[in-house]
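One structure below.
The values are calculated or read from the model by the stated rules, or taken from the named source; none is laboratory data. The structure displayed is predicted, hence computed values, not measured ones. Cβ: placed from backbone, ideal geometry, glycine included. Neighbour counts: every protein chain shown.
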Amino acid sequence: MGLKNSLQRVYICSAAYDDRLDEVVEKILEVFPRERKDRLILVKPNILGPHAPEKAVTTHPMLVKSVVRVLEKKGARVIVGDNPGMGGYGKALHSARKCGVLECAGQCFVNLGHNPVRKDIHSKYFSQATISREVLEADEVINLPKLKTHSLTVLTGAVKNTFGYVVGADKMYLHASCPSAADFARGLLDIYQVRPPELNIMDAVLAMQGNGPSNGTPVYLNRILASDNAVSLDAAATHMLGIRPSQVPHLDFAGKMGLGETDPEKMNIKGSLEKIPGFKFPGTFIPGITGLVLNRYLSRWANCLPEVVSSRCISCGICAGHCPVGAMSMSSSGPVLDRDKCINCYCCQEMCPEDAIRLSGRFLRLLGRGSRRE
Ligand code: SF4
Ligand code: SF4
């Protein structure tokens with residue numbers, strides 16, 4: 001039976017990547033009922049790049065498989081896809097194969113980069129964005145985010161996963177148009193509002209802590225969270241991890257904009273929101289009032305800059321290729337940073353396949369913290 005509709009609903013249950021996952025998904029679809037027979041449903045996992053499932057960078061293929069199987073049993077027309085950024089735009093198939101989603105999605109897999117639409121966006125940062133047609137035309141979007149940390153946005157969850165609606169290199173343009181963490185948080189919400197997913201099922205069985213979204217440490221939390229509101233789902237996750245939604249810029253703005261409830265007392269939560277002790281956030285995250293002041297008022301001074309760890313760097317050039325403002329370039333001795341151009345988006349760190357970029361800022365140096373030292 002469905003949860004009471006008057007409050008925003010979050011369902012939390014324990015789970016593992018085993019043959020009981022279908023039952024978990026069936027229960028979630030029962031809690032969040034919709035007409036699904038003959039409907040076109042886009043299942044949107046996080047396929048950031050070509051990473052094996054045990055790295056916890058991408059949504060686990062077993063969850064994708066269960067969602068597809070259960071939806072097909074209900075007679076839905078299912079498609080599965082994402083717009084990965086890592087390893088060169090346009091390599092969706094390669095990334096999906098490496099992370100196991102391609103095999104689990106089977107015939108349902110679609111390359112979301114093949115049908116782009118230029119869409120007008122109501123935003124102070126950009127007037128249009130290139131969005132996958134499938135996102136706009138599906139009868140229902142089921143978002144399958146991974147619970148991970150993120151050096152720029154603190155958390156990669158349900159709202160952040162909708163940035164994958166954007167096709168290819170347009171993501172770089174949007175980053176360049178939003179030159180601070182606060183700007184990016186607002187720009188991200190502008191993209192989210194293009195198509196808020198009807199259902200969000202968060203893979204928190206194997207999550208990522210530390211320096212996410214691609215170079216953190218996998219940690220088993222053995223949970224799945226679900227909600228028909230991405231903001232409430234992410235807010236519930238932050239409480240579970242021991243921080244407040246107001247410490248995650250896009251959730252702070254989303255709550256104030258009325259895009260979703262962020263106070264768990266005002267949500268209809270089914271399941272345990274028990275806090276997870278000792279969860280590690282990125283080195284860039286300064287908790288408490290200090291972090292609030294630094295983020296809001298002193299961000300330019302406090303922001304971290306990327307530093308290349310030459311012993312790990314293989315001079316592949318991916319960081320330079322993904323820098324939205326041309327601040328990172330390649331020389332004969334490796335990547336070189338133009339500090340004045342850098343907008344601290346950390347795309348270079350996110351995309352580096354060798355974990356060869358650490359983040360280091362004035363304040364972090366004072367604290368003796370760099371992003372590769374958790
Ligand atoms: S820092 Fe990383 S992405 Fe950049 S060239 Fe070196 S290995 Fe490649
Ligand atoms: S150098 Fe890295 S952090 Fe700086 S703007 Fe480029 S991608 Fe972003």
Sole residue being over 20 Å from the mean Cα position of the chain (by Cα) and part of a strand (DSSP E or B), chosen from 119, 148: 119
Identity of the residue in the range 122-139, among the β-branched types (Val, Ile, Thr) and closer than 16 Å to residue 172 by Cβ, that ends up surrounded by the fewest Cβ atoms within 10 Å (Cβ to Cβ): 130
Residue among 260, 326 that is more than 23 Å from the chain's Cα centre (by Cα) and at pLDDT 95 or above: 326
Output for the range 3-46, where each listed residue is at pLDDT below 95 and surrounded by 12 or more Cβ atoms within 10 Å (Cβ to Cβ): 3, 7, 8
Pick from the range 311-322, criterion touching a residue at least 60 places away in the same chain (Cβ under 8 Å) and more than 6 Å from ligand 1 (Cβ to nearest atom), ranking: farthest from the chain's Cα centre (by Cα): 321
Matching residues, the range 243-287, being assigned to a loop (DSSP other than H, G, I, E, B), charged (D, E, K, R) and in contact with a Phe, Trp or Tyr (Cβ under 7 Å, 6 or more places away or on another chain): none
Filter pass, residue 155 being touching a residue at least 24 places away in the same chain (Cβ under 8 Å) and surrounded by fewer than 17 Cβ atoms within 10 Å (Cβ to Cβ): no
Where residue 203 falls short, out of the listed (1) at pLDDT 95 or above; (2) assigned to a loop (DSSP other than H, G, I, E, B): (2)
Subset tally (residues that are assigned to a loop (DSSP other than H, G, I, E, B), more than 10 Å from ligand 2 (Cβ to nearest atom) and charged (D, E, K, R)) for the range 329-359: 3
Matching residues in the range 343-359 - criterion: being within 12 Å of ligand 1 (Cβ to nearest atom) and either not assigned by TED's automatic domain parsing to the domain that holds residue 315 or not small (Gly, Ala, Ser) (or both): 347, 348, 349, 350, 351, 352, 353, 354, 355, 357, 358
Cross-chain or 6+ apart pairs with Cβ under 8 Å, the range 215-230 first and assigned by TED's automatic domain parsing to the domain that holds residue 145, then of a type in the set (Phe, Trp, Tyr): 219/279; 225/11; 226/11; 226/32; 227/11; 227/32; 228/32; 230/192
